[in-house]
2 protein chains.
Amino acid sequence: MRITALAGGVGGARFLRGLLHGMATGLVPEADVTVIGNTGDDIWVHGLRVCPDLDTVMYTLGGGISEERGWGREAETFTAKDELAAYGVEPAWFGLGDRDIATHLVRTQSLNSGYALSDVTAALCARWQPGVTLLPMSDQRAETHVIVDDPSGACDDLGNPMQIAIHFQEWWIRWRASIPAHGFTVIGMEDARPAPGVLEAIESADLILFPPSNPIVSIGTILQVSGVREAIIRTAAPVIGVSPIIGGRPVHGMADACLQAVGIDTTAEAVARNYGSDLLDGWLVDTSDSDVVSKVESLGIQCVAVPLLMSDLDATAAMAARAIDLANLTRA
Amino acid sequence: MRITALAGGVGGARFLRGLLHGMATGLVPEADVTVIGNTGDDIWVHGLRVCPDLDTVMYTLGGGISEERGWGREAETFTAKDELAAYGVEPAWFGLGDRDIATHLVRTQSLNSGYALSDVTAALCARWQPGVTLLPMSDQRAETHVIVDDPSGACDDLGNPMQIAIHFQEWWIRWRASIPAHGFTVIGMEDARPAPGVLEAIESADLILFPPSNPIVSIGTILQVSGVREAIIRTAAPVIGVSPIIGGRPVHGMADACLQAVGIDTTAEAVARNYGSDLLDGWLVDTSDSDVVSKVESLGIQCVAVPLLMSDLDATAAMAARAIDLANLTRA
């Protein structure tokens with residue numbers, strides 16, 4: 001079996017780790033897994049190319065992630081970050097760990113030498129052996145920006161707040177998504193092509209998974225890459241999503257702020273509706289959201305309620321198994 | 001008074017610290033000090049621009065140096081270096097500290113943004129406040145390479161060892177200068193111009209100092225920059241050198257290997273002879289080398305024997321004071 005998953009950061013990475021754990025323990029059938037990672041929140045920081053979502057997947061599946069934070073390396077230190085702050089260089093709010101810096105140095109030097117991000121990602125994975133084929137959604141730079149009222153309070157001649165676009169990472173980390181977002185724009189997306197292997201991984205998949213990643217700025221961004229949405233709609237393989245919303249709250253991160261920005265309710269049903277039945281064949285919601293099952297099914301999307309809290313590896317593997325069960329149901 | 005010093009790394013930096021200490025304690029008259037730093041051992045490592053000698057001067061005079069090593073930062077950690085090794089990327093032999101990396105990141109990003117090394121050096125010094133004006137010898141890349149027999153043992157058709165040029169840092173750090181050098185070549189030197197302020201600092205100086213830096217690959221390299229040697233010969237200011245050789249051995253580092261490579265004896269006299277009386281007006285040797293005083297004087301260079309071991313700040317300040325005494329003698 002071939003499984004292709006779209007993934008953002010922490011939520012997606014943890015789900016995928018559960019999927020692999022399920023395979024290792026026999027709960028889930030063996031499969032070749034390809035992960036198409038979001039690169040919309042990539043950023044140049046202090047001259048380093050940082051790919052937070054790719055690294056979160058790579059570190060999580062490769063055994064190097066900080067369990068406590070969910071991002072970055074275990075046993076991390078932040079010496080260089082403190083030194084950069086002592087030089088007074090911006091951004092001071094980005095969490096650049098000393099271990100992590102090595103990854104960024106290898107990546108940046110390779111990119112500057114002319115290698116594509118997909119090549120560099122494969123080279124980094126040669127060390128981490130994540131157990132999946134990890135592909136960036138695109139080798140081109142396409143970075144999510146957030147439309148916000150200028151945090152400095154600047155207004156136009158009529159006294160209306162000036163809107164500016166700030167990098168997603170600035171909104172997410174510096175402002176903790178606390179500034180209301182008017183929307184998102186992915187700068188460079190019009191020229192972004194799927195990275196080598198991305199469309200093939202969708203077309204050849206027996207199952208496509210949307211893990212509980214951010215539906216707007218993670219999976220939503222991947223779906224904007226030219227041809228990706230169309231390939232997923234076209235494929236005969238079942239497309240199964242796992243709700244990132246449980247009981248009206250995001251499982252991880254601040255997806256509610258993203259959903260709010262684009263006018264979508266923070267509910268498991270609204271997220272399924274946003275993906276739509278042209279993309280989704282099946283949708284897993286948490287048992288606490290079992291009241292939405294019939295509403296989702298009325299959209300033409302098969303839906304089951306199962307425990308979705310990724311409390312440990314076994315629980316997460318069980319979730320992955322239920323996603324595969326649901327895929328089989330949709331095939332029937 | 002205006003003092004201009006040429007400097008390499010550890011030896012030069014420690015002497016300069018003593019000079020400033022002498023000023024602070026009244027042992028040496030107040031002066032504006034400009035340091036022309038060797039950039040011949042600069043290197044690109046993992047995509048970072050590293051300037052070992054400039055940083056050694058900056059950290060030493062700015063209070064950030066590791067006293068134990070003499071180079072790099074105090075309380076340094078090497079987490080990123082270990083991680084780079086885990087990725088298997090070369091060079092693994094370069095000591096890239098986590099604190100130090102911040103300096104290199106700021107420098108590299110600024111250089112890549114189009115700033116000149118002299119501008120970047122000034123910006124870094126805004127944090128460190130070294131108490132001197134620190135100038136790179138040149139804004140152009142000019143890197144010392146060492147001609148050695150190929151360490152792999154490769155031979156030509158006649159069975160003679162193949163000679164190759166390796167970067168000075170590779171010879172110095174990786175091979176600990178243990179491979180015999182046939183000579184040095186500074187790649188890029190033909191296009192290197194003095195950095196802004198370098199010639200002016202020589203021309204306007206009341207005193208020019210050659211600290212006990214490596215006479216071949218530190219001060220010797222600075223002297224190769226177009227116009228520098230000529231400006232020093234031309235100036236009316238006394239030029240006073242401090243022997244880096246005491247009792248036939250280098251005070252610090254492996255200057256003997258460099259001297260040997262260019263056929264110069266490792267003696268205080270031979271180093272003075274190599275600089276020559278067209279450059280030097282005065283030469284300080286250690287009291288243990290007092291037998292060479294008359295030989296150096298026969299070269300037309302005034303010479304005195306004084307204690308040259310930089311055992312502490314006061315001893316080093318006393319050395320600097322004796323250098324200034326000797327300058328006054330040459331003026332008389």
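Miscellaneous remarks
- Residue match in region A:87-102 (condition: among the acidic types (Asp, Glu), more than 8 Å from chain B (Cβ to nearest Cβ) and over 19 Å from A:Gln169 (Cα atoms)): no
- Residue count, region B:187-226 (criterion: of a type in the set (A, V, I, L, M, F, W, C) and either touching a Phe, Trp or Tyr at 6+ places or on another chain (Cβ under 9 Å) or in a loop (DSSP other than H, G, I, E, B) (or both)): 10
- Test for A:Gly159: is it within 14 Å of chain B (Cβ to nearest Cβ), on the phi > 0 side of the Ramachandran plot, out of contact with any strand residue (DSSP E or B) (no Cβ under 8 Å at 6 or more places or on another chain) and without any contact (Cβ under 8 Å) to a residue 24 or more places away in the chain: no
- Residue within region A:55-75 that is open to solvent by less than 50 Å² (accessible area, probe 1.4 Å), more than 14 Å from chain B (Cβ to nearest Cβ) and out of contact with any Gly (no Cβ under 9 Å at 6 or more places or on another chain) present: no
- Residues that are on the phi > 0 side of the Ramachandran plot and within 14 Å of chain A (Cβ to nearest Cβ), drawn from region B:1-44: none
- Taking residues in region A:131-153 that are surrounded by 17 or more Cβ atoms within 10 Å (Cβ to Cβ), and partners anywhere that are basic (Lys, Arg), the pairs with Cβ atoms closer than 8 Å and at least 6 places apart or on different chains are A:Ser138/A:Arg193; A:Asp139/A:Arg193; A:Gln140/A:Arg193.
- Scan of region B:236-280 for residues that are at pLDDT 95 or above, charged (D, E, K, R) and not in a loop (DSSP other than H, G, I, E, B), ordered by number: B:Glu269, B:Arg273
- Candidate set from region A:108-124 (those that are touching a residue at least 24 places away in the same chain (Cβ under 8 Å), open to solvent by 10 Å² or more (accessible area, probe 1.4 Å) and of a type outside the set (Ser, Thr, Tyr)); member that is nearest to the other protein chains (Cβ to nearest Cβ): A:Leu111
- Test: residue in region B:213-226 that is surrounded by fewer than 23 Cβ atoms within 10 Å (Cβ to Cβ) and over 14 Å from the mean Cα position of the chain (by Cα): yes
- Flag if A:Ile246 is in contact with a Phe, Trp or Tyr (Cβ under 6 Å, 6 or more places away or on another chain), among the aliphatic types (A, V, I, L, M) and within 25 Å of A:Phe184 (Cβ to Cβ): no
- Residues of region A:85-106 satisfying the condition of being part of a loop (DSSP other than H, G, I, E, B) and out of contact with any Ser or Thr (no Cβ under 8 Å at 6 or more places or on another chain): A:Gly88, A:Val89, A:Glu90, A:Pro91, A:Ala92, A:Trp93, A:Phe94, A:Gly95, A:Leu96
- Tally, over region A:281-313, of residues that are touching a Gly at 6+ places or on another chain (Cβ under 8 Å), open to solvent by 30 Å² or more (accessible area, probe 1.4 Å) and in a helix (DSSP H, G or I): 2
- Condition check for B:Ala102: open to solvent by less than 40 Å² (accessible area, probe 1.4 Å) and touching a Leu at 6+ places or on another chain (Cβ under 6 Å): yes
- Given (1) in the same structural domain as A:Met254 (by TED's automatic domain parsing); (2) among the hydrophobic types (A, V, I, L, M, F, W, C); (3) closer than 23 Å to A:Leu96 by Cα; (4) out of contact with any Asp or Glu (no Cβ under 9 Å at 6 or more places or on another chain), index of the condition A:Val217 fails: (4)
- Filter pass, B:Thr34 being among the hydroxyl-bearing types (Ser, Thr, Tyr) and surrounded by fewer than 23 Cβ atoms within 10 Å (Cβ to Cβ): yes
- Where strands (runs of 3 or more DSSP E) sit wholly within region A:23-84, those with at least 3 residues that are within 17 Å of A:Ser138 (Cα to Cα) occupy A:32-37.
- Only one entry in B:Leu84, B:Leu48, B:Leu105 is within 14 Å of A:Glu83 (Cβ to Cβ), touching a helix residue (DSSP H, G or I) at 6+ places or on another chain (Cβ under 6 Å) and within 9 Å of chain A (Cβ to nearest Cβ), namely B:Leu48.
- Selection status of A:Gly47, at positive phi and of a type outside the set (Ser, Thr, Tyr): yes
- Scanning region B:161-184 for residues that are more than 16 Å from the chain's Cα centre (by Cα) and assigned to a strand (DSSP E or B) yields B:Pro161, B:Gln163, B:Ile164, B:Ala165, B:Ile166, B:His167, B:Ala181, B:His182, B:Gly183.
The values are calculated or read from the model by the stated rules, or taken from the named source; none is laboratory data. No experiment lies behind these values; they were computed from the predicted model shown. Cβ sites come from the backbone with ideal geometry, for glycine too, and all protein chains shown count toward neighbours. With ligands, DNA and RNA removed, areas are computed over all heavy atoms of the protein, side chains included. Shrake-Rupley method; radii C 1.70, N 1.55, O 1.52, S 1.80 Å.
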